[in-house]
Amino acid sequence: MDTRTVGCLGGGQLGRMMVYAAHRLGVRMCVLDPLGESSPAGQVSELSIKGSFQDAEKIRELASKCDILTLEVEHVNAQALEELHLKGVPVQPLPFVVKLIQDKYDQKVHLQKHRIPLPDFLKVDSEAELHEIGEKFGYPMMLKSRFGAYDGKGNAVVSDAASIPAAWEKLGGKAGKKLYVEKWAPFKMELAVMVARGVDETMNVTMRTYPVVHTVQRDSVCFTCLTPPVGVTQKEQELAQKIATDAIKSFGDARGIFGVEMFLLDDGSVLLNEIAPRPHNTGHYTMEACGVDQFEQHLRAVLGLPLGDCHLRVGGAMMVNILGQGSTPELTAQTMAPLRCALRVPDAGIHWYGKDGCVKGRKMGHITVTGFTPASALEQIRPVLKAVDGEGN
Ligand code: ATP
Ligand code: MG
Ligand code: MG
């Protein structure tokens, strides 16, 4: 159907699921990952290169084998992508967007300029400054790393003035790590929306927005996602979708799928938390629940193919992440217990990422259960959730 080869920076589970979608479209993929052909995506892609997605030389090698470059992780060498793009190599999403998103502070400055509602935020260069900001923002507040954050690893809650030194130390402030601070968002719920930005035959921008998801984090890692969200009004859902689409519109001609994380507050207002310029954990449910899933949609968007349908084909869907419990045989078996349990659940989609070693806390797989309503999806997935917590069988 399409004879192009897509090069993907990163070979994790997002890349793996992108490769599955590429197979359906007849698109070939080459992934660049430190684990090469044994990475989750490298195991299933036509081609792979072993190397870092920070390494400019390896990125150039990837470009030499591919018609277009994309990514499944934003912590890549954006400068190398920029240089290739200037030389005429198609790169989507555009390198300037990847660069902007990599720096969470710059990302927020950009979004603020585009009038996207955000928690108040300020750059902070010293503990003394953080004290001053604490007086202004009040406590708790959230200290964040500007670069390289994922799964909450770059966050530290500053609960009062006394906890400033520990938070500063934890995020490497003393060692000169670049940090910024956000006012606490007293959210009722966390929401997420996937937005696809592509082009039509005349190269005019087209956008599609997926339904709103209620996402619950455990220890700052995405745990479950439910769509449609229960207890969120239509108006609130429309607001979340509008904020997400407005935010992505601010990225000009950048194409691809974007994950937009948001906070819903008690008064019905919505604040944007952060954006991922790639498929996202909160979009996994689209594989079982939507016309075209986020991975195929991403490929369609970057390749300039028509975007697909985002609507729910079911009444509701719930996804749960399976995190590694540990690498011993018993802990590996315990990690897999929810997947075995899901084998007996009707309308359950089971996904194992093929990672080498069941490291504690690592995302090893996920399960999505669909239903006629969100409540029935929740009901059906209950035994799986119990198995995740080590209850039942
Ligand atoms: P991801 O794995 O999604 O990339 P991350 O490491 O980039 O995560 P954030 O999304 O910034 O981190 O924050 C992780 C979680 O911390 C959020 O999902 C939310 O639960 C909480 N959080 C972040 N910022 C705030 C805030 N300003 N107020 C309250 N809670 C917050
Ligand atoms: Mg993040
Ligand atoms: Mg996040």
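The values are calculated or read from the model by the stated rules, or taken from the named source; none is laboratory data. Not measured: the values here are computed from a predicted model. Virtual Cβ from ideal backbone geometry, glycine too; neighbours counted across all protein chains shown. Ligands, DNA and RNA are excluded from the accessible area calculation, which covers all protein heavy atoms including side chains. Shrake-Rupley method; radii C 1.70, N 1.55, O 1.52, S 1.80 Å.
With the checklist (1) more than 30 Å from LYS177 (Cβ to Cβ); (2) over 17 Å from the mean Cα position of the chain (by Cα) in hand, flag the one item ARG60 doesn't pass. Among (1) more than 30 Å from LYS177 (Cβ to Cβ); (2) over 17 Å from the mean Cα position of the chain (by Cα), the lone unmet condition for ARG60 is (1). The residue of segment 210-228 that is farthest from ligand 3 (Cβ to nearest atom), among those that are touching a helix residue (DSSP H, G or I) at 6+ places or on another chain (Cβ under 6 Å) and part of a strand (DSSP E or B), is LEU226. Identify, please: which residue in segment 73-126 is touching a residue at least 40 places away in the same chain (Cβ under 8 Å), among the basic types (Lys, Arg) and crowded, with 17+ Cβ neighbours inside 10 Å and is, among those, nearest to LEU62 (Cα to Cα)? Of everything passing the filter in segment 73-126, LYS104 is nearest to LEU62 (Cα to Cα). When CYS341, CYS358, CYS310 are checked against the criterion of being open to solvent by less than 50 Å² (accessible area, probe 1.4 Å) and in contact (Cβ under 8 Å) with a residue 60 or more places away in the chain, a single residue qualifies: CYS310. One residue stands out in segment 178-213 among those that are under 22 Å from ALA254 (Cβ atoms) and of a type in the set (Ser, Thr, Tyr): the one that is most open to solvent (accessible area, probe 1.4 Å), namely THR202. Pairing each residue of segment 142-170 that is within 19 Å of CYS222 (Cβ to Cβ) and of a type in the set (A, V, I, L, M, F, W, C) with any residue that is open to solvent by 50 Å² or more (accessible area, probe 1.4 Å) and near ligand 1 (Cβ under 6 Å from one of its atoms), provided the two are 6+ apart or on different chains, yields C-beta distances under 9 Å for MET142/TRP184; VAL157/TRP184. Note on segment 122-177: residues that are of a type outside the set (Gly, Ala, Ser), touching a His at 6+ places or on another chain (Cβ under 8 Å) and part of a helix (DSSP H, G or I) total 1.
Has segment 58-69 got at least one residue that is part of a helix (DSSP H, G or I), modelled with pLDDT of 95 or more, among the β-branched types (Val, Ile, Thr) and closer than 29 Å to GLY252 by Cα? Taking every residue of segment 58-69 in turn, at least one turns out to be part of a helix (DSSP H, G or I), modelled with pLDDT of 95 or more, among the β-branched types (Val, Ile, Thr) and closer than 29 Å to GLY252 by Cα. Test THR227 against the criterion of being polar (S, T, N, Q), under 24 Å from ILE101 (Cα atoms) and touching a residue at least 60 places away in the same chain (Cβ under 8 Å), and give yes or no. Judged against the criteria, THR227 is not a match.
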